[in-house]
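Peer 1: Below you will find the structure I want to go over with you.
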Amino acid sequence: MSVTTTPNGYQLDTSGKRVVIDPVTRIEGHMRCEVNIDENNVIRNAVSSGTIWRGLEVILKGRDPRDAWAFVERICGVCTGCHALTSVRAVEDALGIRIPPNAHLIREMMAKTLQVHDHVVHFYHLHALDWVNPVTAIKADPKATSALQQMVSPAHPLSSPGYFRDIQTRIRRFIESGQLGPFKNGYWDNPAYKLSPEADLMAVAHYLEALDMQKEFVKLHAVFGGKNPHPNYLVGGVPCAINMDGDGSAGAPLNMERLQFVKSRIDEMVAFNRNVYVPDVIAIASFYKKQLWGGGFGALNVMDYGAYPKVNYDKSTNQVPGGVILDGNWDEVYPIDPRDPEQVQEFVTHSWYTYPDESKGLHPWDGITDPDYKLGPKAKGTSTNIEELDESAKYSWIKAPRWRGHAVEVGPLSRYTLAYAQGVEYVQEQTNRALAAFNQLAGTELDVKTALNTTIGRTLARALESEYCADMMVDDWNQLMSNIKNGDSTTANMEKWDPETWPKEAKGVGITAAPRGGLGHWIRIKDGRIENYQCVVPSTWNGSPRDPEGNIGAFEASLINTPVERPDEPVEILRSLHSFDPCLACSTHVMSEDGVELANVKVR
Amino acid sequence: MSQSKMHSEPAVYVYEAPVRIWHWINALAITVLCVTGYFIGVPLPTMPGEANDHFLMGYIRFAHFASGYILAVGFLFRLYWVFAGNHHARQLFLPPFFTREFWKGVLHELRWYAFIEKEPHKYVGHNPLAVMAMHIVMVWGLLFMIITGFALYGEGIGMGSWQYEWFSGWVIELFGQSQDVHTWHRLCTWLVICFVIMHVYLAIREDIVSRQSMISTMISGWRMFRDDSKAKDDADHGGSIMTTFVGSLMSSFRSGRSRTKADDIR
Amino acid sequence: MTETFYEVMRRQGITRRSFLKYCSLTAAALGLGPSFAPKIAHAMETKPRIPVLWLHGMECTCCSESFIRSAHPLAKDVILSMVSLDYDDTLMAAAGHQAEAIITETIEKYDGNYILAVEGNPSYNQEGMSCIIAGKPFHEQLTHVAKHCKIIISWGSCASYGCVQAASPNPTGATPVHKVIHDKPIIKVPGCPPIAEVMTAVIAYMVTFERLPELDRQGRPKMFYSQRIHDKCYRRPHFDAGQFVESWDDEAARKGYCLYKVGCKGPTTYNACSTIRWNEGTSFPIQAGHGCIGCSEDGFWDKGSWYARLTDIKQFGIESNADKVGGTAAAVVGAATAAHMAATAINRASKKENSV
């Protein structure tokens, strides 16, 4: 039978034409996507597969927990730092280390800078080409582009006709060279692109502006962490000591100059979000008002652990509250506890790993991973030349995490759904304002839930979160200055630095709002060394394959029932997948406690 | 020692002046190198005040490098003396590893240290066990330390310097990276320290217990014996092909410069 | 260095007429009018920007992320004006078949004349399928593209040395590029990631001078990797003075003393962090208070803690380093010596008694 219905309510029909996209580009890592498209060019079945696995948790086994942050940081260089932060939090949680308030504020600023940077780079450099056609930009009228710019964002200074003409000339010369570089073999004559030439030119200009600005944002990481990508972290606090007045303050990691430098970068982030990023997303979205699909779990089945406490270690002060919403019921938010063995579990029935009993899921503290690369009987091709995957068997390097058995989506849209549903004023006001602007431009009257539960909604929530993070950073910076003014310059708690002070056995969990969603690291420490380390990352939730019950994951759900203009040109598929900002290196490194044997694993 | 039994003590001139000078300079250099080297890896507690008031690490490193140079120059000179010196000067560098006699001697010496043998053999030069230990540590060990040491030193002097070109480049590549060179350099230091402990102890012990002089020999050059039985001159056996070859080459070159005290007196 | 596109096509026996037809087809494919065809033809008759195929194996994309942070030249200028970045999964518009078609096309048109930039490394365990591109193991793509390239740039420590996935026990069999490709010049630009301006400067050097930068024995450009971070560190005077940070956030940390005793790997790490610095010269790890972790060195993951000066020696147990191994040996030798001394004394005393 070619039509099945999943327990989470999706009708899958595998009878249509199978289209394979491998590699899925403009993501972090490696991913493959296969869809079945029916005679009306509508996607009726979707299969997403993580195609890279690096085995980092095995490598961590037996190492010093204080070193772990650098290893797991290298899980991903795009969301750089968020794994390191989660790792030091997990170790501190296990060992009962409390970091000083200044260290918390500095870490918060680094985490939020990452959010802004990652969201901006994602939208302009990974996602925009799904919406924007740079080739039509050369047909635009620079004057009209200037008028458009001033209409959507009057405060942005780069808006003169001359500015747009210069950009246009540069793009024209580039295209005339016949060497299209990254734009080569794009889908530029596909009718799925809906922007006016002027909007295209404005977006291309901002593609380049964003490329220039993103490198400014991350300088905040360079000040606090020494470099970016991959800034440095420290168990027990932050390594950047503060010295305002004392001897040697000029050579200190943080002094008044450094902190003012940071403030300037924060101001830039605030301005760019307000004047460019958010208005761009709203303006571009308004051209796609009829393409309101790609919601999937969207604003309906969402999860986040909660983030950004005003007071560290006090969840009630979270500026983005966590929880779980199921089946679109915003009135009921379930609490989430990462320590509860019944809540977060990972399944491997459709992943290239094996469990003794694959019908059951395992909590990360007790996770097992034993790689088991094999294709299903219905797969086409050979094991080293896959033509088509068999989704009824194992088909991905990603495990399938579930919350109490439910497949959920994580990410900025999930956080915004949870924050909106739980009445966070800033989020409600900001979302309503953005939606009003969209409705005005597009001439629609969408309500919040309908608008958010789309590919566009996912992209918009990311932009709004970026703006929120920049604004929160201003508070963090002010708080840090106020602490220092009041005489507190402490940045690290070294009471339990020495492994002699540690318990013989300990386990902990670290939680972070990573750019792509809720991130958790689970650690077990024994005799001062890592005994087991597990990461359950956002793209594992979103990119998860089917579970034993047959529930599909968020990527797959978002593609179902999406119409495509041309089946062999995956613009719409890329658009929805990219709206999650997939991070495959993150999602597919997950490894286990008995992983040492992995080097000798026999692959059937 | 029994005072009642009178005997003559024949003496042999073993260690020529250059060898003795080398020995004591080496001893001093190795002591300085070990101490300073230790503190380069594990520095002393922090100095207070302004950086330009102090140069502690600088001095420690200077002492290390200066001693290193002395050790290296001494080693080169000693290599020359292998050819220019008497046959005892060769013993350390070209041990007769391929003769049965040598290994029997090693075994006997081990049994002597284990209190199984009542009497040690008498040797003009080093006993076979000492030859082996010294050959490993003082020839190959020192060579290793000098090469890795210059490789590490060359890193600071920089690419383009002869130290870097002759040593750092290939050594670092061989080991994988600089940190591995550091690690092995430090491990080998501990080997040298272990050797020094045993060497000093055994020299004193043999001086007291065995049938020949030890410490005074390294000062005066003369080996004294406490009885008349024939002393083995291991270097004379020249068992290995290499030893035979170099030995014959050198003896023709030097035409018997080995002397006895009797010769001297005449 | 490179032939023009037109010259290549003529050499392959394509007539001018077909060439012009190709140009108008290209214009049409882009949705542009026929007036663009002559312009494209003109561009193709002049010297092209050198094509770059940037492949991604097992990596974390930090090299690409670093690359786009370059301030001089700006990343956009490199992409728009210096080279032709024809394939890069992270940035390219095309996906799937259209992306893979670019590789075939580039090999046909620029055989032996394009740069292969590799970020990450191939896997050889799990049938090579722990890194899959287009349904096949990444190492197939790598060797295929390498066979026809002019030179290879190994971006970052993954491609240069193996980096984190190759850390013990290397579950995926991650292997650096130079151990897979032996017949092409390889420039290693190590670091996790390399400094943005170092990456773009290596490209700028090759484009400007039309030759490879001078390389050291390990294949790294001498201009950036000939000195240790320690050699040009602004905290070096504190090292020479013997002034060290002993514990995080202590008085010395606030004064910016040397981080040697808290494990800084600056003295054994060849990179330009202390001179060029990071993020347009904003800072570098030591300036921000954390020691160098040695990320541009071979196998830096397996040399012990970031916070210890001495390397871990696993063969002697998990907590071992040279001082622990050597110190133990020296203590054993010392104890044995003392025991032997005592035994000798007793032995002699008993002998004396016998002789009396």
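Every number here is computed from the coordinates shown, using simple stated rules; none is lab data. Please read these numbers as outputs of a predicted model, since none were measured by experiment. Neighbour counts are summed over all protein chains in view; Cβ atoms, including those assigned to glycine, are modelled from backbone coordinates with ideal geometry.
Peer 1: Under 4 °C and 1.567 mPa s, how fast does the stretch C:217-356 diffuse according to Stokes-Einstein, given a Kirkwood radius computed over C-alpha pairs? Answer in µm²/s, whole number.
Peer 2: In µm²/s, the coefficient rounds to 71.
Peer 1: Rounded to the nearest 500 deg cm²/dmol, what is the calculated helix-only ellipticity per residue at 222 nm for chain A, with -39500 (n - 2.57) per DSSP H run of length n ≥ 4?
Peer 2: Theoretical 222 nm ellipticity from helices: -11000 deg cm²/dmol.
Peer 1: Just report the Cα centroid separation between the stretch C:260-311 and the stretch B:22-44, whole Å.
Peer 2: 28 Å
Peer 1: Here is a further query. If neighbour count is taken as other Cβ atoms inside 10 Å, put C:Glu353, A:Glu108, C:Glu105 in order from fewest to most.
Peer 2: Starting with the residue having the fewest Cβ neighbours, the order is C:Glu353, C:Glu105, A:Glu108.
Peer 1: List nothing, just return the count: lysine pairs in the stretch C:1-137, 8 or more apart or interchain, with Cα separation under 30 Å.
Peer 2: Pairs that pass both the separation and distance tests number 10.
Peer 1: Other chains' Cβ within 10 Å of A:73-82 residues: what's the mean?
Peer 2: Counting Cβ atoms of other protein chains within 10 Å of each residue's Cβ and averaging gives 5.
Peer 1: Now a separate question. In chain C, which whole DSSP H runs stretch at least 15 Å along their own axis (Cα) and average 0.0 or higher on the Kyte-Doolittle scale?
Peer 2: Those that clear 15 Å and a mean of 0.0 are C:16-29, C:196-209, C:322-355.
Peer 1: Test of understanding: express the Cα radius of gyration of chain C as a ratio to 2.2 N^0.38 Å, with N the residue count.
Peer 2: Ratio of Rg to 2.2 N^0.38 Å for chain C: 1.37.
Peer 1: Next question, about the same structure. For peptide A:60-70, compute the average count of partner chain beta-carbon atoms within 10 Å of each residue's beta-carbon.
Peer 2: 4
Peer 1: Rounded to whole Å and ordered largest first, report the semi-axes of the equivalent ellipsoid of the stretch C:175-238 derived from its Cα gyration tensor (root of 5λ).
Peer 2: 24, 16, 11
Peer 1: Follow-up. Is the shape of chain A rounded, prolate or oblate, going by the alpha carbon gyration tensor and its root eigenvalues a ≥ b ≥ c, with a/c under 1.5 for rounded and a/b larger than b/c for prolate?
Peer 2: It is oblate, given that a/c is not under 1.5 and a/b is not larger than b/c.
Peer 1: Two decimals, Cα atoms only, Kirkwood Rh: what is Rg/Rh over the stretch C:49-225?
Peer 2: My calculation puts Rg/Rh at 0.93.
Peer 1: Kindly provide the GluC sites (Glu not before Pro) of the stretch B:87-134 that DSSP labels as loop, not H, G, I, E or B, and whose Cβ sees at most 16 other Cβ atoms within 10 Å.
Peer 2: B:Glu117
Peer 1: Express as a percent, rounded to the nearest 5, the fraction of DSSP beta bridges in the stretch C:49-225 (both residues included) that run antiparallel.
Peer 2: Once the DSSP bridges in the stretch C:49-225 are tallied, antiparallel ones form about 20 percent.
Peer 1: Let me check against my output: what whole-number percent is the relative contact order of chain A, with C-alpha pairs under 8 Å and at least 6 apart?
Peer 2: 26 percent
Peer 1: Continuing with the same structure: Taking all pairs of distinct Cα atoms, average 1/r, flip it, and tell me the Kirkwood hydrodynamic radius of the stretch A:107-193 in Å to one decimal place.
Peer 2: 15.1 Å
Peer 1: With an 8 Å cut-off on Cα pairs and a minimum separation of 6 or more residues, tell me the relative contact order of the stretch C:77-209 in percent.
Peer 2: 24 percent
Peer 1: If you filter the stretch A:379-442 for chymotrypsin sites (Phe, Trp or Tyr not before Pro), then keep DSSP loop positions with at most 14 other Cβ within 10 Å, what is left?
Peer 2: When the chymotrypsin sites (Phe, Trp or Tyr not before Pro) of the stretch A:379-442 are filtered for loop state and at most 14 Cβ neighbours within 10 Å, nothing remains.
Peer 1: Could you work out the percent of alpha carbon pairs in the stretch C:30-79 separated by over 18 Å, rounded to a whole number?
Peer 2: 58 percent
Peer 1: Can you give the Rg to Rh ratio of the stretch A:51-209, both from alpha-carbon atoms, with Rh computed by the Kirkwood formula?
Peer 2: Rounded to two decimals, Rg/Rh equals 1.16.
Peer 1: Take the Cα radius of gyration of the stretch C:258-330 and divide it by 2.2 N^0.38 Å, with N its residue count; two decimals is plenty.
Peer 2: Computed over Cα atoms of the stretch C:258-330, the ratio equals 1.27.
Peer 1: Residue by residue through A:558-569, how many Cβ atoms from other chains fall within 10 Å of the Cβ on average?
Peer 2: 1
Peer 1: Find the cysteines in chain C that fail to meet the 4.7 Å Cβ criterion with every other cysteine, and list them.
Peer 2: C:Cys23, C:Cys60, C:Cys62, C:Cys63, C:Cys131, C:Cys149, C:Cys233, C:Cys258, C:Cys264, C:Cys273, C:Cys292, each lacking another Cys Cβ under 4.7 Å.
Peer 1: Shifting gears a bit: Taking the simple approach of a point 7 Å from Cα along Cα-to-Cβ for both B:Ser229 and C:Leu215, what is their distance in nm?
Peer 2: Once both label points are built, they end up 6.6 nm from each other.
Peer 1: Dividing the alpha-carbon radius of gyration of the stretch C:1-120 by 2.2 N^0.38 Å (N being the number of residues), what value is obtained?
Peer 2: After normalising by residue count via 2.2 N^0.38 Å, the value is 1.15.
Peer 1: I've got another one for you. Taking the alpha carbon gyration tensor of the stretch A:458-593, what are the square roots of 5 times its eigenvalues, largest first, to the nearest whole Å?
Peer 2: Largest first, the stretch A:458-593 gives 38, 26, 9 Å.
Peer 1: Could I ask something else about it? What is the sum of charges around C:Ser81, taking Lys and Arg as +1, Asp and Glu as -1, for the other residues whose C-beta is under 10 Å from the C-beta of C:Ser81?
Peer 2: +3
Peer 1: Classify the stretch A:120-166 as rounded, prolate or oblate, taking a ≥ b ≥ c as the square roots of the eigenvalues of its Cα gyration tensor: rounded when a/c is under 1.5, otherwise prolate if a/b is larger than b/c and oblate if not.
Peer 2: oblate
Peer 1: Ok, one more. Evaluate the Debye formula for the stretch B:81-239 with equal point scatterers sitting on the alpha carbons, no solvent, and hand back log10 of I(q)/I(0) at q = 0.08, 0.19 Å⁻¹, in q order, two decimals.
Peer 2: Here log10 of I(q) over I(0) equals -0.32, -1.15.
Peer 1: Counting pairwise Cα distances across the protein assembly as shown, what percent come out greater than 41 angstrom?
Peer 2: 51 percent
Peer 1: Label the stretch A:345-494 by shape, choosing from rounded, prolate and oblate, from the square roots a ≥ b ≥ c of the eigenvalues of the Cα gyration tensor; if a/c is under 1.5 it is rounded, and otherwise prolate applies when a/b is larger than b/c, oblate when it is not.
Peer 2: Here the stretch A:345-494 falls in the oblate category.
Peer 1: When the label point is put 7 Å from the Cα of B:Ala66 along its Cα-to-beta-carbon vector, which residues of the stretch C:239-260 have a backbone N closer than 18 Å?
Peer 2: In the stretch C:239-260, the label zone of B:Ala66 (backbone N under 18 Å from the point 7 Å along Cα→Cβ) covers C:240-242.
Peer 1: Of the peptides C:195-203, B:16-24, how do they stack up when ordered by the mean number of other Cβ atoms within 10 Å, highest first?
Peer 2: For the peptides C:195-203, B:16-24, the packing ranking is C:195-203, B:16-24.
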